[in-house]
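Colleague: Shown below is the structure under consideration.
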Amino acid sequence: MELSTAPFEERLTAPRSWWLVSLLLGIACALIMLPFGTLPLLGGLVGGTAAAAVVTSSYGSVRIRVVAGSLVAGDAKIPLSALGDAEILDAEGARAWRTHKADPRAFMLLRSYVPTALRVDVIDPQDPTPYLYLSTRDPKGLAKALGK
């Protein structure tokens, strides 16, 4: 197995429609506060929008990186030497591997709004994880960075 020569980094940001939903939640909070006056209405708008935006941002801030001989996907950090073959999944293949083909022991960095993915076998005999499922918008680039 050859180590990656090109670093890879991708941030799986939330889609724009989720930010619109954050604004709509802020408006809903403002309408709930409407009977209490103008100042509570503005507080509900700002507070509700800010709270929804924080949740959207934190969910959409997960990163996938290949640096210093390791794959860092969310909270997981795996040395490249523990990884086997990689399979690039199109939208249909990704749907199959996150539903009926999924193994409950697998590490799944799953984002439903990203249609493509990369499935990477784990070859470390001491690791019970059979494979990694990584939602990515650039599965070919990630596979290349992993040296697959």
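No lab work stands behind these numbers, since they all come straight from the coordinates. Here the structure is a predicted model, which means the values were calculated and not measured. Neighbour counts are summed over all protein chains in view; Cβ atoms, including those assigned to glycine, are modelled from backbone coordinates with ideal geometry.
Colleague: For the ranges 62-70, 27-35, 134-142, what's the packing order if you count other beta-carbon atoms within 10 Å of each residue, average per peptide, and put the highest first?
Modeller: 134-142, 62-70, 27-35
Colleague: Related question: Can you tally the lysine pairs in the chain where the Cα-Cα distance is under 21 Å and the two residues are eight or more apart, or on different chains?
Modeller: Number of lysine pairs found: 4.
Colleague: Expressed in nm to one decimal, what extension gain is obtained for the pair Asp75 and Tyr113 from 0.36 nm per residue of sequence separation less their Cα-Cα distance?
Modeller: 11.7 nm
Colleague: Roughly how large, in nm² to one decimal, is the mean projection of the convex hull of the alpha-carbon atoms in region 1-114?
Modeller: If I average the Cα hull's projected area over directions, I get 9.9 nm².
Colleague: How high is the FRET efficiency between Leu23 and Glu92 when r is their beta carbon distance and R₀ equals 25 Å, given to the nearest 0.05?
Modeller: Efficiency, rounded to the nearest 0.05: 0.15.
Colleague: Can you give the relative contact order of region 55-141 as a percent, counting alpha carbon pairs under 8 Å and 6+ residues apart?
Modeller: 26
Colleague: Still on this structure, I have one more. Full-extension gain between Tyr59 and Thr38, please, as 0.36 nm times their residue separation minus the C-alpha to C-alpha distance.
Modeller: Here the answer is 4.4 nm.
Colleague: Which residues does the label zone of Arg11 cover in region 61-85, counting backbone N under 15 Å from a point 7 Å along Cα→Cβ?
Modeller: Under cut-off, by backbone N: 61-65, 74.
Colleague: Compute the Cα gyration tensor for region 63-148, then decide on rounded, prolate or oblate, letting a ≥ b ≥ c be the square roots of its eigenvalues: rounded whenever a/c is under 1.5, prolate when a/b is larger than b/c in the other cases, and oblate in all that remain.
Modeller: Since a/c reaches 1.5 but b/c is at least a/b, the shape of region 63-148 is classed as oblate.
Colleague: Let me ask something additional. Region 15-32 to region 40-89: how many Å between their Cα centroids?
Modeller: 21
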